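Just so it is clear, none of the values below were taken in a lab; they were calculated from the coordinates. Quantities reported herein were computed from a predicted structural model and do not represent experimental measurements. As a convention, Cβ positions derive from the backbone with ideal geometry for all residues, glycine included, and neighbour counts pool all protein chains shown.
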Amino acid sequence: MTFINYASREINCKIVYYGPGLCGKTTNLQWIYDKTNPNAKGKLISLATETDRTLFFDFLPLELGTVRGFKTRFHLYTVPGQVFYDASRKLILKGVDGVIFVADSQNERMDANSESIDNLQINLKAQGYDLMAIPYILQLNKRDLPNVATVDEMAKLLRRKGEPVVEAVASKGTGVFETLKGVAKLVLQELTKTG
Amino acid sequence: MAAPDIVMYEEEFNQIKTVISKLRIDANAKVVFLVDKNGQQIAAQGEIENLDTTSLASLTAGNVAATDGLARLIGEKEFSILFHEGERDNIHISIVAQRVILVVIFDERSSLGLVRLRVKKASGELNDVFARIMSKVERERAAAGAAFESPFAEITDDDIDSLFSE
């Protein structure tokens, strides 16, 4: 649900990073935070446990620049990936404009990936959205690890609707901005349709 | 799309600013601001120079969402008022027009009773403004009908690419 403010000429969009526990959602946000010009970003807020596992969400506001006279603001959120935080995950999807699914490429995490995408579909539905209709990107993270599934295998297992697939190593920044740019583009394209 | 987009027009935006700045004065508060339930800040008034209002907005929405979840778990529809008491500053949070969060930050120059009283009055006025906004949005959409032209219809791929050209 994009918030368009004609008075201050701003478009605000909400992007949510989804995925199983320890897949690298927070790492994506951390990289974006570290590499973005200080004028273009706000504070990175992490509601995490003492062991740095996301407890409720991470939040990073970004200001990307101006499109047709409107300032574009993106609010990036991550969800807690661990299965038992489902109630919190559901809340964070409220009002989402675009979703990035961060998949863990390690072979042993494939079941967790599938389970998490199914969970995403259920939780989107609970908020009145349809994964098939919402701007959506699949990021295959941790491509640098030795025990990873091939891109084809992962696409076959996890791709739901011909969404763009981006290979990434979030800890080194590979593919991080490409993923964000991909989803931002889809969200803004959506705006040109629905207003 | 699940719910209609919020669209804020100049006229209503000014009315909202008037209501909350009056509330700030009447309640003797430091800061008054409005956030939508998704965490987007709508308007803010008061001593906001040293305040990270974007983070405040997002955390407030998270707080309200979590409290709503708690309410439903025990069979309540919602907790319509939240109050956080600090050593110096306090935060009073209430829901307006079912979809907007009104936040009042105040210190010892005011009191919870005064804030609650003034918030109640301002809430009524804000309800009216938001009802007007929603009916305006619907009216405009209906009038435009199928031919509804998005103000962003002209955004091109080049426009979007240029956002990332750093």
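In this structure the amide hydrogen of A:Arg53, modeled in the peptide plane, comes within under 5 Å of no amide hydrogen from residues 5 or more places off or on another chain.
Rounded to the nearest 20 debye, the dipole size of chain A about its Cα centre is 720 debye, using +1 on the Cβ of Lys and Arg and -1 on the Cβ of Asp and Glu. In terms of its C-alpha gyration tensor, chain B has a prolate overall shape, because the principal axis ratio a/c (a ≥ b ≥ c, square roots of the eigenvalues) is not below 1.5 and a/b outweighs b/c. What angle, in degrees between 0 and 90 and rounded to the nearest 10, separates the Cα long axis of helix B:53-73 from the longest principal axis of the Cα atoms of chain B? Long axis of B:53-73 versus the principal axis of chain B: about 80 degrees.
Quick one: grab the alpha carbon gyration tensor of the protein assembly as shown, order the square roots of its eigenvalues as a ≥ b ≥ c, and give me rounded if a/c is under 1.5, else prolate or oblate depending on whether a/b is larger than b/c.
prolate
Each 10 Å bin from 0 upward holds the following percent of the Cα-Cα pairs of region A:96-167: 20, 54, 23, 4. Near the amide H of A:Tyr129, within less than 5 Å, lie no amide hydrogens of residues on another chain or at least 5 residues away, with H placed in the peptide plane.
Evaluate the Kirkwood expression for the hydrodynamic radius of region A:3-194, namely the inverse of the mean inverse distance over all pairs of different C-alpha atoms, and round to one decimal in Å.
That comes to 16.7 Å for region A:3-194.
Charge tally around B:Ala71: other residues with Cβ under 13 Å, Lys/Arg +1 each, Asp/Glu -1 each, net -1.
Sum up the charges of everything whose Cβ sits under 11 Å from the Cβ of A:Glu10, counting Lys and Arg as +1 and Asp and Glu as -1, but leave A:Glu10 out. My count for the surroundings of A:Glu10 gives +2.
Restricting the count to DSSP beta bridges whose residues both fall in chain A, what percent are antiparallel, rounded to a multiple of 5?
45 percent
A dipole drawn for the protein assembly as shown from +1 and -1 charges on Cβ atoms has a positive end, and of A:Ala149, A:Gly162, A:Leu188 the residue lying farthest that way is A:Leu188. Relative to the longest principal axis of the Cα atoms of chain B, the long axis of helix B:10-26 makes an angle of roughly 10 degrees. Ordering B:Ala65, B:Thr54, B:Ile155 by Cα displacement along the dipole of region B:10-163 toward the positive end leaves B:Ala65 in first place; charges were set at the Cβ atoms of Lys, Arg (+1) and Asp, Glu (-1). Its Cα centre serving as origin, chain B has a Cβ charge dipole (Lys and Arg +1, Asp and Glu -1) of approximately 1200 debye.
Around A:Ala133, with a cut-off of 10 angstrom between Cβ atoms, what is the net charge of the other residues, counting Lys and Arg +1 and Asp and Glu -1?
Numbers: positive: A:Lys161; negative: A:Asp130, A:Glu190.
That sum, taken over residues with Cβ under 10 Å, equals -1.
In terms of its alpha-carbon gyration tensor, region A:143-195 comes out oblate; a/c meets the 1.5 threshold, while b/c is at least as large as a/b. Find which of B:Val115, A:Leu76, A:Ile134 sits farthest along the positive direction of the dipole of the protein assembly as shown, computed with +1 on the beta-carbon of Lys and Arg, -1 on that of Asp and Glu, about the Cα centre. Farthest along the dipole direction, towards plus: B:Val115.
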